[in-house]
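A.B. asks: Below is one structure. I have some questions about it.
The values are calculated or read from the model by the stated rules, or taken from the named source; none is laboratory data. Just so you know, these numbers come straight off a predicted model, no measurement behind them. Neighbour counts are summed over all protein chains in view; Cβ atoms, including those assigned to glycine, are modelled from backbone coordinates with ideal geometry.
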Amino acid sequence: MGYVLNLRKKVGHQPLVVAGAAMLAQNSVGKVLLVYRNDNHCWGLPAGSTEPGESVQQTARRELKEETGLTVGDLTLIDVFSGPKMHYRYPNGDVIDSVTVLYRGNTNGGELVKATDETSTAGFYELDALPEPLTPLTKWMLTGE
């Protein structure tokens, strides 16, 4: 069980400031890897909260592997996202204000797993032909909207 889930047992749905990372993983032709999330029924980048003692780079790699089965080579920092657009209420009522570090990396190993505990499918998409709906956080990180 993760750090944030343990905190939720103590604070319920109260807003939490959560540090995390997201991965803009691209295949050899530049398509972006997205997962379809079971919790909010939206497409999003592989992402998650940083665990105690873990760097955000480790978080990005771990979440990519857990959610898709894939790995990437070198990471390139794209940006750090925070502020009002990173305020999010999950369908279960949990509220976060996320500080998310977005990395880009080229996939270089593993086998694409389409379904996990958190996701029902995964696939690669052109940046100008992303599936809908996107999570609000992913939409902002990828399109600026």
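A.B. asks: Are any residues in the stretch 106-115 in contact with a helix residue (DSSP H, G or I) (Cβ under 8 Å, 6 or more places away or on another chain) and either free of Cβ contacts under 8 Å to residues at least 40 places away in the same chain or surrounded by 15 or more Cβ atoms within 10 Å (Cβ to Cβ) (or both), and if so, which ones?
C.D. replies: Passing the criteria: only 113.
A.B. asks: I'm checking my understanding of the structure. Among residues of the stretch 81-99 that are of a type in the set (D, E, K, R) and assigned to a strand (DSSP E or B), which one is farthest from residue 41 (Cα to Cα)?
C.D. replies: 97
A.B. asks: Sticking with this structure for a sec: Of a type in the set (Val, Ile, Thr), farther than 20 Å from residue 105 by Cα and either out of contact with any Gly (no Cβ under 7 Å at 6 or more places or on another chain) or modelled with pLDDT under 95 (or both), is that true of residue 29?
C.D. replies: It is false that residue 29 is of a type in the set (Val, Ile, Thr), farther than 20 Å from residue 105 by Cα and either out of contact with any Gly (no Cβ under 7 Å at 6 or more places or on another chain) or modelled with pLDDT under 95 (or both).
A.B. asks: Criterion first (surrounded by 12 or more Cβ atoms within 10 Å (Cβ to Cβ) and touching a residue at least 40 places away in the same chain (Cβ under 8 Å)) does residue 123 satisfy it?
C.D. replies: yes
A.B. asks: If you don't mind, another one. Exactly one of (1) within 17 Å of residue 38 (Cα to Cα); (2) hydrophobic (A, V, I, L, M, F, W, C); (3) touching a helix residue (DSSP H, G or I) at 6+ places or on another chain (Cβ under 9 Å); (4) at pLDDT below 95 is unmet by residue 127. Its number?
C.D. replies: With (1) within 17 Å of residue 38 (Cα to Cα); (2) hydrophobic (A, V, I, L, M, F, W, C); (3) touching a helix residue (DSSP H, G or I) at 6+ places or on another chain (Cβ under 9 Å); (4) at pLDDT below 95 applied to residue 127, the lone miss is (1).
A.B. asks: May I pose another question? Could you tell me how many of the residues in the stretch 53-80 are among the hydrophobic types (A, V, I, L, M, F, W, C) and part of a loop (DSSP other than H, G, I, E, B)?
C.D. replies: 1
A.B. asks: Out of the residues in the stretch 133-145 that are in contact with a helix residue (DSSP H, G or I) (Cβ under 9 Å, 6 or more places away or on another chain) and in a loop (DSSP other than H, G, I, E, B), which is farthest from residue 33 (Cα to Cα)?
C.D. replies: For the stretch 133-145, the residue satisfying everything is 145.
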